[in-house]
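Colleague: Let me give you the structure first, and then I'll get to my questions.
The values are calculated or read from the model by the stated rules, or taken from the named source; none is laboratory data. Computed from a predicted model, the values in this text were never measured in an experiment. A quick note on method: Cβ atoms are made from the backbone with ideal geometry, for glycine too, and the neighbour counts reach across all protein chains shown.
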């Protein structure tokens, strides 16, 4: 028995030696000295070695301060996991690094990148990565084709500076991207980027689910909608409200901000716009030459842009896809919350609100016939009339189901805001409402303009709301 | 010696308990059109018999009892990678609830050997795909959008904890779990990559990645088939993967 064990030990040791030898061989092939020699004439000599700092959106790794190319080791893990698309909606995301978008990779032009792609053993599918920053076959796709529970490696030199998308390119490619497999890799120019105060990582994507926007429960990928290019969700950073409320991007007035904006697609092209700002510089599609004074910049699917702007005044700046139904009905909304000193010379705020009569104050049109006395409406009549007023006046923001839009438009459904005092509902319609309020445990800080409705119409729509969407009833 | 007797008994007990469940189902044969192919490349599949279930942990334990050279610690590293039977606690032990679950973390070599030792063999991809086309009611389930969506839905869920054999559906032939449990090895899993003679220089990357995939495929909407194709293509024969098992044919 003992002999057998010793024999086994020797065998094991031998095979271990064999493995070590094998590993060493393959290490030699990929050794950085060898690549250094190969590539030093191509770009510049590669000095030293470091492991890349990868960050989850909206964080960005720190700027590169070194003045030479180096060998950078990137370790990126593919994880398939359930996460909320929005409150109450679960989606099985496929991710580079655990969330959507994938981890931000920051390197310098000329760097020699040793890329390791790890496919978690619990994953169902093989994956790979196509980095648009790579010059060569498939951007690394074939070299990184990885079965679950395996790790692949390849090496490339960052020949071109720019901001590049990376994504999974395993068949069916559209589905891998639609499930969230994309991110950004920044190749800084040798001289670095100009200093700014804040940098953020924002990436748009479209999602296709069996149920419509907001339908609760687990929602599987819908191939039909993806083929028709009709997404239910268009979002920044993978989830509805990923950058809203507490999770808003934050800066102070006077600061310079740089946004690394990507678009994973898979289908839609983004009309990227920040409400209330003008981009001082835009590196369209991540290119080298900046354009100036841009309002809205197109970010193609599988493309990116760098936008830079100085925040002149405090405000809640809203990031949108200005293909605007996506912003208000599909989730393409994010917030940059800026505090600091106001500057009334740059932006005054509302200065007055006065009566406007097109005919002039003195002329009044007389009705042809004396108005019939209006009969008071019954509660049922109010609800019927209120329903159509709601559809034309309220629904665009508060939604057909009264649930509003998380972070932007508070829900009217089962709302605790006016439950104890329905007059607050009437007041909001008649007078408008602005500033911070809390509805059903969530904070909102927006502006609702006063509505141009008659008393009769207000009474109808308020009664409709009180008797709909799970509210407890009543009549105004 | 004492240990060996107990061990053998354990093997026998499991064998009699489980083997009653797996049986061969006759398949008439038919025509299979590979995902990347021309009409002229239709594959005629001769009649064969296929296991109604995937091979279970208990059945595989029985095999390694009889062929100890395939035990977790003894299998040659040429034939299995480091994940071989990773979910087993020891050479002959795994959690009791795994007995009727499909064995995973087995290499192509191990799967092939298992089938041969039962007087069977691994199915060809054409044979496997022919059986996999069947839904509960129809030998060609791909005509049914619901069937296709069901296949996609499986991928849209994390791997289920309870993966007992028979927990998905029985197709019209009487074969269980062709979809929805774990992927399966086929005999020629990598042939699509190595025999490209009639497709010019169509190689792995041309077929599989990005735009390349769309040129030569007959059935662009069969996303589940693309996923199986991709899965098979990512493998090497010694790989042992946590959601990859097998069944045998005769």
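Colleague: Here are A:115, A:96: which of them is closer than 28 Å to residue A:334 by Cα and either at pLDDT 95 or above or crowded, with 24+ Cβ neighbours inside 10 Å (or both)?
Modeller: Exactly one of A:115, A:96 is closer than 28 Å to residue A:334 by Cα and either at pLDDT 95 or above or crowded, with 24+ Cβ neighbours inside 10 Å (or both), namely A:96.
Colleague: A further question on this structure: Of all residues in the stretch A:451-473, count the ones that are touching a residue at least 60 places away in the same chain (Cβ under 8 Å) and more than 36 Å from the chain's Cα centre (by Cα).
Modeller: Here the count works out to 6.
Colleague: Find all pairs meeting these conditions: Cβ atoms under 8 angstrom apart; at least six residues apart or on different chains; first residue within the stretch A:386-397 and at pLDDT below 85; second residue surrounded by fewer than 15 Cβ atoms within 10 Å (Cβ to Cβ).
Modeller: A:391/A:400
Colleague: Every residue in the stretch A:289-326 that is in contact (Cβ under 8 Å) with a residue 60 or more places away in the chain and surrounded by fewer than 17 Cβ atoms within 10 Å (Cβ to Cβ), please.
Modeller: Hit for the stretch A:289-326 is A:316, nothing else.
Colleague: Scan the stretch A:121-131 for residues that are buried (at least 19 other Cβ atoms within 10 Å of the Cβ) and either in a loop (DSSP other than H, G, I, E, B) or more than 9 Å from chain B (Cβ to nearest Cβ) (or both) and jot them down.
Modeller: Matches in the stretch A:121-131: A:123, A:124, A:125, A:126, A:128, A:129, A:131.
Colleague: Quick check: anything in the stretch A:175-182 closer than 22 Å to residue B:236 by Cβ and under 26 Å from the mean Cα position of the chain (by Cα)?
Modeller: Yes - at least one qualifying residue is present in the stretch A:175-182.
Colleague: What's the number of the condition residue B:191 fails, among (1) more than 13 Å from chain A (Cβ to nearest Cβ); (2) within 21 Å of residue B:233 (Cβ to Cβ); (3) at pLDDT 90 or above?
Modeller: (3)
Colleague: Here is a further query. Restricting attention to the stretch A:150-176, which residues are within 8 Å of another protein chain (Cβ to nearest Cβ) and within 27 Å of residue A:222 (Cα to Cα)?
Modeller: Matches in the stretch A:150-176: A:169, A:170, A:171, A:172, A:173, A:175.
Colleague: State yes or no: is residue A:222 within 14 Å of another protein chain (Cβ to nearest Cβ), in contact with a strand residue (DSSP E or B) (Cβ under 9 Å, 6 or more places away or on another chain) and within 19 Å of residue A:89 (Cβ to Cβ)?
Modeller: yes
Table: residues versus (1) exposed (fewer than 15 other Cβ atoms within 10 Å of the Cβ); (2) on the phi > 0 side of the Ramachandran plot.
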| position | (1), (2) |
| --- | --- |
| A:415 | no, no |
| A:420 | yes, no |
| A:423 | yes, no |
| A:429 | no, no |
| A:435 | yes, yes |
| A:438 | yes, no |
| A:449 | yes, no |
| A:462 | no, no |
| A:467 | no, no |
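Colleague: Hey, can you tell me all the residues within the stretch A:132-149 that are more than 7 Å from every other protein chain (Cβ to nearest Cβ), at positive phi and outside any helix (DSSP H, G or I)?
Modeller: Within the stretch A:132-149, just A:136 meets the criteria.
Colleague: Within the stretch A:306-334, how many residues are in a strand (DSSP E or B) and under 12 Å from residue A:277 (Cα atoms)?
Modeller: Residues meeting the conditions: 10.
Colleague: Check B:197, B:184 and return the single one that is at negative phi and modelled with pLDDT of 90 or more.
Modeller: B:184
Colleague: Can you name the residue in the stretch A:59-92 that is closer than 23 Å to residue A:232 by Cα and part of a loop (DSSP other than H, G, I, E, B) and is also farthest from the other protein chains (Cβ to nearest Cβ) among such residues?
Modeller: Only one residue tops the list, namely A:87.
Colleague: Being at positive phi and under 25 Å from the mean Cα position of the chain (by Cα) is the filter; apply it to the stretch A:93-120 and report the residue that is nearest to the other protein chains (Cβ to nearest Cβ).
Modeller: Selected residue: A:98.
Colleague: Hey, another quick one. Taking strands (runs of 3 or more DSSP E) that do not extend beyond the stretch A:185-273, which have at least 2 residues that are surrounded by fewer than 16 Cβ atoms within 10 Å (Cβ to Cβ)?
Modeller: In the stretch A:185-273, A:249-252 are the strands (runs of 3 or more DSSP E) which contain 2 or more residues that are surrounded by fewer than 16 Cβ atoms within 10 Å (Cβ to Cβ).
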